[in-house]
Amino acid sequence: MSPVLLFDFDSTLIQDEGLDILFQRSLRDAPDREERVRAFQELTDQGMAGELRFEDSLARRLEHLVAHRSLVEEVGAELASRLSPSVERNRGFFRERAERHGIHVLSGGFRELIEPAATTLGIPPSRIHAHRFRYAADGAVLGLDPETPLARGGKPLAVEEMGLDPAKTWMVGDGATDLEVRELGLVSTFVAFAENRTRSSVTSRADQVVHSMEELLELLSNHS
Ligand SMILES: [Mg+2]
């Protein structure tokens, strides 16, 4: 029996961290752009490596973000063209598997930045589990929607609310929050996806480490 696959989004399905890209674009004309981008990315890295609680890392990043809904949509569309190379090569696998309800996206990022990329892989909005932005009436980003499972309890709560059988579910991702889902027993297997980023704090505790989708497909074919 083929497991259901929960894919992380940032630095897994796509090459970059979506919120970093949004932040960079939001500073288009700022004179101190480079310095501010570097500080922002540092917060991202600390959150992903588990050095800073992910929620704290995200909250601190959002304090620095000044963006409008139109920019969020623009960056979402841009991210759809930045799929990881091996994900791009294996679109057929995603489309076929998504059709059989075998793929979810589980992300500490934002739904608005994920949907366009997920759509190109055949993954519908109902199988994206992520944060959502809150907007002011004029479209300015205010922060995150506190009502999503991600905001209420991070990836672990989101997985619990999916109601999947842990024995038949795998998590694939590059970050500490992906590993955590496995360590809490919510999935049977954590596959560290090292095509874009390798963090030893994560790979050293993974059940498997792959460097491409081809290696993941091989694991799956040996499994079934
Ligand atoms: Mg990631």
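The values are calculated or read from the model by the stated rules, or taken from the named source; none is laboratory data. Computed from a predicted model, the values in this text were never measured in an experiment. Glycine also receives a Cβ, built like all others from the backbone with ideal geometry; neighbour counts cover every protein chain displayed.
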What's the number of the only condition in (1) modelled with pLDDT under 95; (2) more than 15 Å from the ligand (Cβ to nearest atom); (3) touching a helix residue (DSSP H, G or I) at 6+ places or on another chain (Cβ under 9 Å) that Ala80 fails to meet?
(1)
By residue number, the members of the range 191-224 that are over 24 Å from Arg91 (Cβ atoms) and either touching a residue at least 40 places away in the same chain (Cβ under 8 Å) or not in a loop (DSSP other than H, G, I, E, B) (or both) are Arg199, Ser200, Ser201, Val202, Thr203
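Residues Gly143, Gly139, Gly102: which one is closer than 19 Å to Glu74 by Cα, surrounded by fewer than 23 Cβ atoms within 10 Å (Cβ to Cβ) and at pLDDT below 95?
Values: Gly139 fails: at pLDDT below 95; Gly102 fails: closer than 19 Å to Glu74 by Cα.
Of the residues listed, the single one that is closer than 19 Å to Glu74 by Cα, surrounded by fewer than 23 Cβ atoms within 10 Å (Cβ to Cβ) and at pLDDT below 95 is Gly143.
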Across the range 187-196, the tally of residues that are surrounded by fewer than 21 Cβ atoms within 10 Å (Cβ to Cβ) and under 22 Å from Leu52 (Cβ atoms) stands at 2
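Out of curiosity, is Arg89 free of Cβ contacts under 8 Å to residues at least 40 places away in the same chain, over 13 Å from the mean Cα position of the chain (by Cα) and over 30 Å from Arg53 (Cβ atoms)?
Details: free of Cβ contacts under 8 Å to residues at least 40 places away in the same chain: no; over 13 Å from the mean Cα position of the chain (by Cα): yes; over 30 Å from Arg53 (Cβ atoms): yes.
Answer is no for this residue.
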Would you mind telling me which numbered condition in (1) more than 14 Å from the chain's Cα centre (by Cα); (2) within 16 Å of the ligand (Cβ to nearest atom) Gly173 fails?
(1)
For Ser107, only one of the following conditions fails: (1) under 14 Å from the mean Cα position of the chain (by Cα); (2) more than 16 Å from the ligand (Cβ to nearest atom); (3) not in a helix (DSSP H, G or I). What is its number?
(2)
Looking at (1) closer than 17 Å to Asp56 by Cα; (2) modelled with pLDDT of 95 or more, find the lone condition where Ala176 falls short.
(2)
Can you confirm whether Ala151 is within 16 Å of the ligand (Cβ to nearest atom), under 15 Å from the mean Cα position of the chain (by Cα) and of a type in the set (Gly, Ala, Ser)?
no
Can you list residue pairs whose Cβ atoms sit under 6 Å apart, with the first residue in the range 152-180 being free of Cβ contacts under 8 Å to residues at least 40 places away in the same chain and the second being in a loop (DSSP other than H, G, I, E, B) and buried (at least 24 other Cβ atoms within 10 Å of the Cβ)? Count only pairs 6 or more apart in sequence or on different chains.
Pro166/Val187
State whether one or more residues within the range 164-171 are in contact with a helix residue (DSSP H, G or I) (Cβ under 7 Å, 6 or more places away or on another chain) and not hydroxyl-bearing (Ser, Thr, Tyr).
yes
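For the range 29-38, name all the residues that are without any contact (Cβ under 8 Å) to a residue 12 or more places away in the chain and either closer than 15 Å to Leu65 by Cβ or outside any loop (DSSP other than H, G, I, E, B) (or both).
Step one: filter the range 29-38 for residues without any contact (Cβ under 8 Å) to a residue 12 or more places away in the chain, giving 29-35, 38.
Those that are without any contact (Cβ under 8 Å) to a residue 12 or more places away in the chain and either closer than 15 Å to Leu65 by Cβ or outside any loop (DSSP other than H, G, I, E, B) (or both): Ala30, Arg33, Glu34, Glu35, Arg38.
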Consider Asp10 carefully, then state whether it is within 11 Å of the ligand (Cβ to nearest atom), surrounded by 14 or more Cβ atoms within 10 Å (Cβ to Cβ), among the charged types (D, E, K, R) and outside any helix (DSSP H, G or I).
no
Filtered residues of the range 97-120 (kept if touching a residue at least 12 places away in the same chain (Cβ under 8 Å), more than 27 Å from Gly47 (Cα to Cα) and not hydroxyl-bearing (Ser, Thr, Tyr)):
Arg97, Ala98, Glu99, His101, Gly102
